[in-house]
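Asks: Starting off with a structure, shown below.
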Amino acid sequence: MALLLALLSLVFNGYFLGRTTPNWDFYSIYLSGPYAWWSLGGPFNARGWVPYVFNGYPGASAFQNGSWFLPIGAAQALVPYTTNVAATVQWLLVCFGALGAYLLARSLPLPRSISMVVLTAYFFAPGFFGGAQMADQVRGWSLLPWVVLATSPRWPWGRWYAVPGAALLLFQFAVGAYPGQLVAAAYLIPCVTVAWLMQGRDRPWLRGLVTSALSGALLSALKFVPALPFLGVIGKSNAEPGFSWDLLAGFFIDYRGLSAPINTSFVSSFLPLLVLCAIPFAGRGSAATRVGVALSVPSLALAFPGSPLARMNWPGASLSQNHVSDFRAFWYLGLLILGAAGLARLRDTNSRRTRVWLTTVVTLMAIVVTVFALWRPGRWATVGAILNIGSALVLLLIAWLESGHRRRALPILALVGATGLACASVQAGYQVPWNVPRSEVETAALGALSTDLVARAAPMVVERRPERRLSPGADLMEMLTPDGDAAVFDRSYASYGYVNPRNYPSFARLAASRGTVEGRALYDSFYGAPSGLLPVGPGSSLNPEGLRPPCAEEGVCPDWTFRSVRYAPGELSFAVEVHREAAAVVNESYFPGWTARSCPSGGSSCVDLAVTRGPLEAPMVSLPEGAQNVTFRYDQPLRTQSLLIGGVGLLIGAWTTLAAGARSFRRRALRLSA
């Protein structure tokens, strides 16, 4: 724990002092999405409608918005989830992941000194630094060692908290990690389970594993079942890259000079050379070796560019933009465990022959690092290469100096220090992805500090929604800008923002409607107007009269007059006087879940109105003649079903906990009576 605190204070002091944050996409859906979902009620919000960006969208359609991820909910319950709070949650996740890697290493079992090397290397894992902008990727990297530990026989299955603890970890991994990482886990955790089964069957483990996996999967339905209506168009948006020497170089040197044909955040798989050099010495039959092989070999085969399996369209492959980002955490953890197993064996079998082989491996690997560093020259590449080679030389020096003391532990400070320096030079040394000035970058992204935006936020419930801010961009990608997300924090409204448009076709169709000058003017006039009940013309097209001020602003339309009575997230109410039956639309985005009801002013029974997809992807109804109150509500589809399924998962965990507690109480009572 002292080592973890020291690393934290040295590396992330800017985070918890509020001076720095991650960069780029961190200021998009990863910031505004969690704030929107949790500030609107989170699990207790039956509407689930986020009205502030892109003309409104269902929170359930945003897989990467941190919904049901409890650390975010706990933070939002204490203070608003602004950038400083989000950065604080992120460094806590880094520490949690490093601690999980340490406990996993200790459980395998590896010596304490070697486990501290694992902790240090995982603290500097590339997913926490180069990939810091991707908050869901960070959550996956943080929870992965815990998931591997909680599904192993080394988890304390005899304790009362074993099953609920494992179920909670699996649940949080499922709802917090990037969707592609879930697919990777579905392939690789069974591989690790098979590796454990090869060492023998443990009935308490198997019972606990099945129970916790079932409970965690049912709890995950709370997030994924309501998302089912929005899965129709998810597809692979980027072609999987072919083999690139840059990706291979990412194991050995600084990734700043690398230009692999994927996102820069996914290039690095850097492990200190002392760990890589120790991999060939991992004992064949040890638990650490089995787990390391089960994690690293299948993940590299399935995802590393150039592998035949990586080119196959295996089940789940379409859920992600590229497989490198999905499987990288698994092969990184697997190789790290293999290296730790090799270090442990070098400690115990430090013969002359072993030292000669280690010298050969270190020499060859040093040549590889040197070649890559010369191939991608640069000041930081040179410094990183020198420190990386130096880490292997430290291992080699310790091996030769300790040749007469076979059972003596390798010096902890030397190994940990060499690991930390090599990792820090590559990951922490390049600060652009993970450590930028908060006020400067946040103001550039959102137009103001999120704390200031929250402080001046408008009321959530108003009589009428005001006009929306309009995007200066013409196509979809130009509309995906984080400055629109400022509307989430100050509760203003925007017709654009930084959301993931791949989850539902409305986004693409809305953007396509702006492809011409006339279409853009129509789109902006319709969605930029205050909330209203606007007329539909012949052929289910917008009636131009509805976009003129008398109708759009004053509520005097050709076939009716309206007055906005109430506007809240997922609810619009109007007092309407309809002269003759006519079709009308409200200027919100259409998604499955919209309902409408008309209640006549004379006290007659209310009637439900059928809601269909209207022009410009807006909810459309047919208004009956007469004076009436018309209310549109968005009710999250499949919410009841998800709560029932999640409730069953919760009951399974609670029942298992109570049963285990009762057994423990009986055993204690029997011991006392004896």
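Asks: With angles folded into 0 to 90 degrees, how steeply does helix 112-123 sit against the dominant principal axis of the chain? Use alpha carbons for both and round to 10.
Replies: 30
Asks: Pairing the Cα long axis of helix 352-375 with the longest principal axis of the chain, what angle in degrees results, from 0 to 90 and rounded to the nearest 10?
Replies: Around 40 degrees separate the two axes.
Asks: Can you tell me the mean projection area, over all orientations, of the convex hull of region 29-94's alpha carbons? Units nm², please.
Replies: Details: hull surface 16.8 nm².
That works out to 4.2 nm², a quarter of the Cα hull's surface.
Asks: What ranking, highest mean first, results for peptides 603-610, 549-556 when packing means the other Cβ atoms within 10 Å averaged over each residue? Write out the running numbers ahead of the final one.
Replies: Numbers: 603-610: 10.8, 549-556: 15.9.
Put in order of decreasing packing, that is 549-556, 603-610.
Asks: What is the log10 of I(q)/I(0) for region 100-161, computed with the Debye formula using one identical point scatterer on each Cα and no solvent, at q = 0.16, 0.20, 0.23 Å⁻¹?
Replies: At q = 0.16, 0.20, 0.23 Å⁻¹ the computed log10 ratios are -0.57, -0.80, -0.93.
Asks: How large is ³J(HN,Hα) for each residue in region 2-9, as worked out from phi by the Karplus curve 6.51 cos²θ - 1.76 cosθ + 1.60 (θ = phi - 60°), to whole Hz, x for Gly and Pro?
Replies: 4, 4, 5, 5, 5, 4, 4, 5
Asks: On the full set of protein chains, 1.4 Å probe, figure out the accessible area of Met460 and give it in Å² to the nearest 10.
Replies: 60
Asks: Continuing with this model, one more query. List the cysteines of the chain that have no other Cys Cβ closer than 4.7 Å: which are they?
Replies: When partners are defined as cysteine Cβ atoms under 4.7 Å apart, the chain leaves Cys95, Cys191, Cys277, Cys423 without one.
Asks: Here's a follow-up. So what is the 222 nm mean residue ellipticity for the chain from helices alone, if each DSSP H run of at least 4 adds -39500 (n - 2.57) and you divide by all residues, rounding to the nearest 500 deg cm²/dmol? Each step should come with its number before you reach the end.
Replies: Working: 26 runs with 343 residues, N = 674.
After summing the helix terms and dividing by the residues of the chain, the value is -16000 deg cm²/dmol.
Asks: Order 334-341, 147-154, 484-491 from most to least packed using the mean count of other Cβ atoms within 10 Å.
Replies: Details: 334-341: 27.5, 147-154: 23.1, 484-491: 25.2.
Final packing ranking: 334-341, 484-491, 147-154.
Asks: Relative to the compact globular guide of 2.2 N^0.38 Å, what is the alpha carbon radius of gyration of the chain, as a ratio?
Replies: Details: Rg = 28.4 Å, N = 674, 2.2 N^0.38 = 26.1 Å.
Compared with the compact-globule rule of thumb, the chain sits at 1.09.
Asks: Search the structure for amide H atoms under 5 Å from the amide H of Asp202, placed 1.01 Å from N in the peptide plane, and list their residues when 5 or more places away or on another chain.
Replies: Close amide H contacts, sequence-distant or interchain: none at all.
Asks: Hey, if you drop one equal point scatterer on each alpha-carbon of region 470-584 and run the Debye formula without solvent, what base-10 log of I(q)/I(0) do you get at q = 0.13, 0.15 Å⁻¹?
Replies: -0.59, -0.77
Asks: Given contacts defined as C-alpha pairs under 8 Å and at least six residues apart, what's the relative contact order of the chain, whole-number percent? Spell out each step's value before the answer.
Replies: Values: 1283 pairs, mean separation 119.9, N = 674.
About 18 percent, as a whole number.
Asks: Give the relative contact order (percent, whole number) for region 280-331; include only Cα pairs under 8 Å separated by 6+ residues. Before the final figure, lay out each step's value.
Replies: Numbers: 34 pairs, mean separation 17.5, N = 52.
It rounds to 34 percent for region 280-331.
Asks: Can you tell me what the convex hull of the Cα atoms of region 67-224 projects to on average, as an area in nm²? Intermediate values should be presented prior to the final figure.
Replies: Values: hull surface 39.1 nm².
Its Cα hull, projected and averaged over all orientations, spans 9.8 nm².
Asks: On full extension of the chain, what length is gained from Ala457 through Leu397, given 0.36 nm per residue of separation minus the C-alpha to C-alpha distance? Mind dumping the intermediate values first?
Replies: Details: separation 60, 0.36 × 60 = 21.60 nm, distance 6.10 nm.
Full-extension gain reported as 15.5 nm.
Asks: Take each of the peptides 641-650, 285-294, average the number of other beta-carbon atoms within 10 Å over its residues, and list them starting from the highest.
Replies: Working: 641-650: 17.1, 285-294: 21.5.
The densest-packed peptide leads the list: 285-294, 641-650.
Asks: With a ≥ b ≥ c the root eigenvalues of the C-alpha gyration tensor of region 379-487, is it rounded (a/c under 1.5), prolate (a/b larger than b/c) or oblate? Could the numbers behind the result be given before it?
Replies: Working: a/c = 4.96, a/b = 3.16, b/c = 1.57.
In terms of gyration-tensor shape, prolate.
Asks: Got a sec? What order do Leu70, Leu276, Leu10, Leu333 fall in by accessible area at 1.4 Å, biggest, i.e. largest, first? The partial results should precede the final answer.
Replies: Working: Leu70 80, Leu276 20, Leu10 135, Leu333 0 Å².
Descending order: Leu10, Leu70, Leu276, Leu333.
Asks: Further question on the same structure: Work out from phi, with θ = phi - 60° and the Karplus expression 6.51 cos²θ - 1.76 cosθ + 1.60, the ³J(HN,Hα) of each residue of region 592-598, listed in order in whole Hz, and give x for Gly and Pro.
Replies: After applying 6.51 cos²θ - 1.76 cosθ + 1.60, I find x, x, 6, 10, 9, 9, 10 Hz.
Asks: Provide the descending list of Cα extents for region 518-580 along its principal axes, expressed in whole angstroms.
Replies: Reported extents, whole Å, longest axis first: 32, 29, 20.
Asks: Can you work out the FRET efficiency for the pair Ala627 and Arg671, with r the C-beta to C-beta distance and R0 = 60 Å, to the nearest 0.05? Please list the in-between numbers first.
Replies: Values: r = 78 Å, r/R0 = 1.29.
Working from the Cβ atoms, E equals 0.20.
Asks: Another question, then. How would you classify region 611-674 from its alpha-carbon gyration tensor, with a ≥ b ≥ c the square roots of the eigenvalues: rounded for a/c under 1.5, else prolate if a/b is greater than b/c, otherwise oblate? The partial results should precede the final answer.
Replies: Numbers: a/c = 9.52, a/b = 4.73, b/c = 2.01.
It is prolate, given that a/c is not under 1.5 and a/b is the larger ratio.
Asks: Now a separate question. Could you provide, to the nearest whole Å², the per residue accessible area of the chain with probe 1.4 Å?
Replies: On the way: 26470 Å² over 674 residues.
Ligands and nucleic acids excluded, the result is 39 Å² per residue.
Asks: Something else: Treat each spin label as a single point 7 Å out from the Cα along the C-beta direction, and report the Thr516 to Glu581 distance in nm.
Replies: For Thr516 paired with Glu581, the spin-label model returns 3.3 nm.
Asks: As a test of the definition: which semi-axes, in Å, follow for region 122-206 when you take the square root of five times each eigenvalue of its alpha carbon gyration tensor? Largest first, please. Show your work: numbers first, answer last.
Replies: On the way: eigenvalues 128, 39, 26 Å².
Semi-axes (√(5λ), whole Å): 25, 14, 11.
Asks: Keeping the other protein chains in place, figure out the carbon and sulfur percent of the accessible area of the chain, with a 1.4 Å probe.
Replies: Numbers: 16850 of 26470 Å².
Ligands and nucleic acids excluded, carbon and sulfur give 64 percent.
The values are calculated or read from the model by the stated rules, or taken from the named source; none is laboratory data. On a predicted model such as this, the values are computed, not experimentally measured, just so you know. Note: ideal-geometry Cβ built from the backbone for every residue, glycine included; neighbour counts use all protein chains shown. Ligands, DNA and RNA are excluded from the accessible area calculation, which covers all protein heavy atoms including side chains. Shrake-Rupley method; radii C 1.70, N 1.55, O 1.52, S 1.80 Å.
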